[in-house]
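Asks: After the structure tokens below, expect a handful of questions from me.
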Amino acid sequence: MPNEEEKISTTEPTTPADVNVDVPIAASVATSPDPQADGKRGFVRRDHGERKKNPRKAPRREARVKPEFDNKMVSIRRVTRVVAGGRRFSFSVTLVAGNRKGTVGVGQGKASDTPIAIDKAMRDAKKNMIQIHTTKDMSIPHEVAAKYGSSRVLIMPAPGRGMLAGSSIRTVLELAGLTGINAKLLSGSKNRANNAKAAVEALRKLARTQVRTAVKK
């Protein structure tokens with residue numbers, strides 16, 4: 001007959017039903033038969049389905065189309081007109097528009113509201129566009145001078161020196177795309193609108209200039 005010690009050793013250990021057995025999470029994940037389980041690190045991939053769109057989120061804005069002409073405001077003035085009922089205010093806007101490729105123009109607009117005056121000035125600048133005859137280096141072939149009102153402007157070529165200009169004349173030359181140029185304001189006028197128009201009148205004289213190309217022998 002077997003001894004009592006042998007009986008005790010051969011009996012299988014029983015686990016009470018009310019006792020919880022802790023199983024390591026990593027072991028349970030690694031041994032899980034889930035076909036979506038990642039074998040490298042033992043993480044289970046769960047498919048949550050498509051994400052719901054947030055109704056409060058605003059839709060994406062469409063990309064803005066770049067305008068044909070760049071513009072820059074030169075001056076804005078508030079004009080007062082006295083009538084029988086009192087004073088009426090309006091705005092006068094002068095701006096310069098150009099494509100930085102030899103085309104530039106100055107426009108003026110008047111309206112009771114500033115945005116409307118800017119739109120009118122932009123339309124007026126497009127009507128008064130000029131095409132400048134330039135050299136290969138986007139400079140001018142010779143010096144030109146012009147007078148508008150009390151403003152007198154002298155524009156000269158300056159190869160390799162960039163742009164030497166001030167006041168609203170610089171705005172006109174920048175939007176025209178000119179480089180290697182020097183401009184001088186010969187008058188003491190501080191009217192930025194007249195200075196810009198004088199610069200355009202000076203550049204307009206280049207329209208009659210024919211730029212000769214060097215012929216290689």
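Asks: So Arg100 fits all but one of (1) in contact with an Asp or Glu (Cβ under 7 Å, 6 or more places away or on another chain); (2) assigned to a strand (DSSP E or B); (3) not acidic (Asp, Glu); what number is the exception?
Replies: Unmet for Arg100, out of (1) in contact with an Asp or Glu (Cβ under 7 Å, 6 or more places away or on another chain); (2) assigned to a strand (DSSP E or B); (3) not acidic (Asp, Glu): (2).
Asks: Mind listing whichever residues of segment 77-90 are in a strand (DSSP E or B) and either in contact (Cβ under 8 Å) with a residue 40 or more places away in the chain or not aliphatic (A, V, I, L, M) (or both)?
Replies: Restricting attention to segment 77-90, the residues satisfying the condition of being in a strand (DSSP E or B) are 77-83, 86-90.
Of everything in segment 77-90, those that are in a strand (DSSP E or B) and either in contact (Cβ under 8 Å) with a residue 40 or more places away in the chain or not aliphatic (A, V, I, L, M) (or both) turn out to be Arg77, Arg78, Thr80, Arg81, Gly86, Arg87, Arg88, Phe89, Ser90.
Asks: On to the next question. Right, Ala111: touching a helix residue (DSSP H, G or I) at 6+ places or on another chain (Cβ under 9 Å), free of Cβ contacts under 8 Å to residues at least 24 places away in the same chain and either under 16 Å from Ser75 (Cα atoms) or not hydrophobic (A, V, I, L, M, F, W, C) (or both) or not?
Replies: Against the criterion (touching a helix residue (DSSP H, G or I) at 6+ places or on another chain (Cβ under 9 Å), free of Cβ contacts under 8 Å to residues at least 24 places away in the same chain and either under 16 Å from Ser75 (Cα atoms) or not hydrophobic (A, V, I, L, M, F, W, C) (or both)), Ala111 qualifies.
Asks: OK, next. Check Thr114, Thr134 and return the single one that is β-branched (Val, Ile, Thr) and in contact with a Pro (Cβ under 9 Å, 6 or more places away or on another chain).
Replies: Going through Thr114, Thr134 in turn, just one is β-branched (Val, Ile, Thr) and in contact with a Pro (Cβ under 9 Å, 6 or more places away or on another chain): Thr134.
Asks: Out of the residues in segment 121-145 meeting the condition of being closer than 18 Å to Thr103 by Cα and among the small types (Gly, Ala, Ser), tell me which one is surrounded by the most Cβ atoms within 10 Å (Cβ to Cβ).
Replies: Among residues in segment 121-145 that are closer than 18 Å to Thr103 by Cα and among the small types (Gly, Ala, Ser), the one surrounded by the most Cβ atoms within 10 Å (Cβ to Cβ) is Ala121.
Asks: Sort out which residues of segment 176-192 are touching a residue at least 24 places away in the same chain (Cβ under 8 Å) and in a loop (DSSP other than H, G, I, E, B), and write them in order of number.
Replies: Of everything in segment 176-192, those that are touching a residue at least 24 places away in the same chain (Cβ under 8 Å) and in a loop (DSSP other than H, G, I, E, B) turn out to be Gly177, Leu178, Thr179, Gly180, Leu186, Ser187, Ser189, Asn191.
Asks: Another question about this same structure. Scan segment 157-178 residue by residue and report those that are modelled with pLDDT under 90 and at positive phi.
Replies: The answer is Gly160, Gly162, Ser167.
Asks: Still on this structure: Which condition number does Leu186 fail, the rest of (1) within 18 Å of Arg100 (Cα to Cα); (2) surrounded by fewer than 14 Cβ atoms within 10 Å (Cβ to Cβ); (3) not charged (D, E, K, R) being met?
Replies: Every listed condition holds for Leu186 apart from (1).
Asks: Specify which of the listed residues (Ser151, Ser168) is in contact with a Ser or Thr (Cβ under 6 Å, 6 or more places away or on another chain), closer than 11 Å to Ala199 by Cα and either buried (at least 21 other Cβ atoms within 10 Å of the Cβ) or in the same structural domain as Glu201 (by TED's automatic domain parsing) (or both).
Replies: Ser151
The values are calculated or read from the model by the stated rules, or taken from the named source; none is laboratory data. No experiment lies behind these values; they were computed from the predicted model shown. Using ideal geometry, Cβ is built from the backbone for each residue, glycine included, and neighbour counts are taken over all protein chains shown.
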